[in-house]
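Undergrad: Mind having a look at this structure? Questions to follow.
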Amino acid sequence: DIQMTQSPSSLSASVGDRVTITCRASQGIRNDLGWYQQKPGNAPKRLIYAASSLQSGVPSRFSGSGSGTEFTLTISSLQPEDFATYYCLQHNSYPYTFGQGTKLEIK
Amino acid sequence: EVQLLESGGGLVQPGGYLRLSCAASGFTFSSYAMSWVRQAPGKGLEWVSSITYSGDTTYYADSVKGRFTISRDNSKKTLYLQMNSLRAEDTAIYYCARDRYRNIVLVPAATTLFDYWGQGTLVTVSS
């Protein structure tokens, strides 16, 4: 099984900050990775697919990069509505696996 | 508008069973693989199971293999998850999500994989 190691597990930041979240795969997964945002009580929402493609309707301050084993999600300028938990997901092979999540909190 | 609506959750005793349903609308259900993902209280997301667009191939997490069965009825545009021999650790919100399109040459898998989710249904396994 492919393990996804996501870091950090939590992050405290301020409105306007630039933040980066990382996911590392235990083996190469090409660009078969997505990033998801989840707010309390809601279903996850896809932000990025194919490692770097922005989901329609998602603000351009979100961006993804990487290929192979290392991937990043960057929020260029944090907005109040961005405080949530973020997950990466690899779909290169079954079982699909999620990262452990990064809880982004207001400083 | 794509919509996925789960139902069938509830409280069940350990060793019991439940069948979850996910009613789809707003897209050609029979052309997409579908998946179930769960989230235990206060925990992260866990992929549970997937099924191809035709229903002829299924995949399961080791944690549910042999106890859960995924299926679909394309005529009813509905996805199912039959859960048997339930354990306390199966307590979670269960989400259905759209997966890859039937022709990944025409539509790359990543384009639609988990792009839409239902609102979830809560399963509680407790005596």
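Here, each number is a calculation from the coordinates, and none is a lab measurement. Just so it is clear, the structure is predicted and the values come from calculations on it, not from any experiment. Note: ideal-geometry Cβ built from the backbone for every residue, glycine included; neighbour counts use all protein chains shown.
Undergrad: Just the number, please: percent antiparallel of the DSSP beta bridges in chain A, rounded to the nearest 5.
TA: Details: 31 of 35 bridges.
Close to 90 percent.
Undergrad: Count the DSSP beta bridges whose two residues both fall in the protein assembly as shown, then state the antiparallel fraction as a percent rounded to the nearest 5.
TA: 90
Undergrad: For the protein assembly as shown, divide the Cα radius of gyration by the Kirkwood radius and give the resulting Rg/Rh value with two decimals.
TA: We get a ratio of 0.96 for the protein assembly as shown.
Undergrad: Treating only the Cβ atoms of Lys and Arg (+1) and Asp and Glu (-1) as charged, compute the dipole magnitude of the protein assembly as shown about its Cα centre; round to the nearest 20 debye.
TA: 140
Undergrad: When the Cα centres of the stretch A:61-93 and the stretch B:9-42 are compared, how far apart do they sit, in Å?
TA: Comparing the Cα centres of the stretch A:61-93 and the stretch B:9-42, I get a distance of 26 Å.
Undergrad: For the stretch A:1-57, take the convex hull of the Cα atoms, compute a quarter of its surface area, and give me that in nm², please. Walk me through the numbers before you get to the answer.
TA: Details: hull surface 21.5 nm².
Mean orientational projected area (the stretch A:1-57, Cα hull): 5.4 nm².
Undergrad: When only C-alpha pairs under 8 Å and at least 6 residues apart count, what is the relative contact order of chain B, in percent?
TA: Taking the mean separation of contacting Cα pairs over the length of chain B, I get 35 percent.
Undergrad: Taking the Cβ of residue A:50 as the center, what net charge do the other residues with Cβ under 13 Å away carry, scoring Lys and Arg +1 and Asp and Glu -1?
TA: Overall, the nearby charge balance is +1.
Undergrad: Now a separate question. Would you please report the Å³ per residue occupied by the convex hull of the alpha carbon atoms in chain B?
TA: Each residue corresponds to 99 Å³ of Cα convex hull volume.
Undergrad: Here's a follow-up. Would you mind checking which residues have amide H under 5 Å from residue A:69's amide H? H placed 1.01 Å from N; only 5 or more apart, or other chain.
TA: A:29
Undergrad: To the nearest 0.05, what FRET efficiency results for residue B:19 and residue B:62 with a Förster distance of 25 Å applied to their C-beta separation? Walk me through the numbers before you get to the answer.
TA: Working: r = 21 Å, r/R0 = 0.86.
The formula returns an efficiency of 0.70 here.
Undergrad: Across peptide A:40-53, what mean number of C-beta atoms from other chains lies inside 10 Å of a residue's C-beta?
TA: For this peptide, the per-residue mean of nearby foreign Cβ atoms is 4.
Undergrad: Okay, next question. Can you list the equivalent-ellipsoid semi-axes of chain A, largest first and in whole Å, using the square root of 5 times each Cα gyration tensor eigenvalue?
TA: Over the Cα atoms of chain A, the semi-axes work out to 22, 14, 13 Å.
Undergrad: Taking trypsin sites (Lys or Arg not before Pro) as exposed when DSSP calls them loop (any state but H, G, I, E, B) and at most 14 other Cβ atoms lie within 10 Å, what is the longest stretch of chain B free of them, the sites themselves excluded?
TA: Value returned for the longest uninterrupted segment is B:1-42.
Undergrad: Let's test this: bin the Cα-Cα distances of the stretch B:37-104 at 10 Å from zero up to the farthest pair and state each bin's percent.
TA: Over the stretch B:37-104, the share of Cα pairs per 10 Å bin runs 18, 52, 26, 4 percent.
Undergrad: What does the charge count around residue A:92 come to, taking other residues whose C-beta lies under 10 Å from its C-beta (Lys +1, Arg +1, Asp -1, Glu -1)?
TA: 0
Undergrad: Taking beta carbons within 10 Å but only from partner chains, what does the mean come to for residues B:56-69? If you can, show how the numbers build up before the last one.
TA: Details: counts 0, 0, 0, 4, 2, 5, 2, 1, 0, 1, 0, 0, 0, 0.
So the per-residue partner count for this stretch is 1.
Undergrad: Taking chain A as a Gaussian network, where each spring joins two C-alpha atoms under 10 Å apart, which residue of A:64, A:41, A:16 fluctuates the most?
TA: Of A:64, A:41, A:16, the most mobile in the Gaussian network model is A:41.
Undergrad: Name the most mobile residue of B:63, B:75, B:30, meaning the one with the largest mean-square fluctuation, in a Gaussian network model of chain B with Cα contacts below 10 Å.
TA: The residue that fluctuates most here is B:75.
Undergrad: Do any trypsin sites (Lys or Arg not before Pro) in the stretch A:23-85 lie in a loop, going by DSSP, with at most 14 other beta-carbon atoms within 10 Å of their beta carbon, and if so which? Walk me through the numbers on the way to the answer.
TA: On the way: sites: A:24, A:30, A:45, A:46, A:61; in loops: A:30, A:61.
Loop-located and lightly packed - A:30, A:61.
Undergrad: Of the listed pairs A:39/A:107; A:103/B:65; A:107/B:43, which have alpha-carbon separations greater than 21 Å here?
TA: A:103/B:65; A:107/B:43
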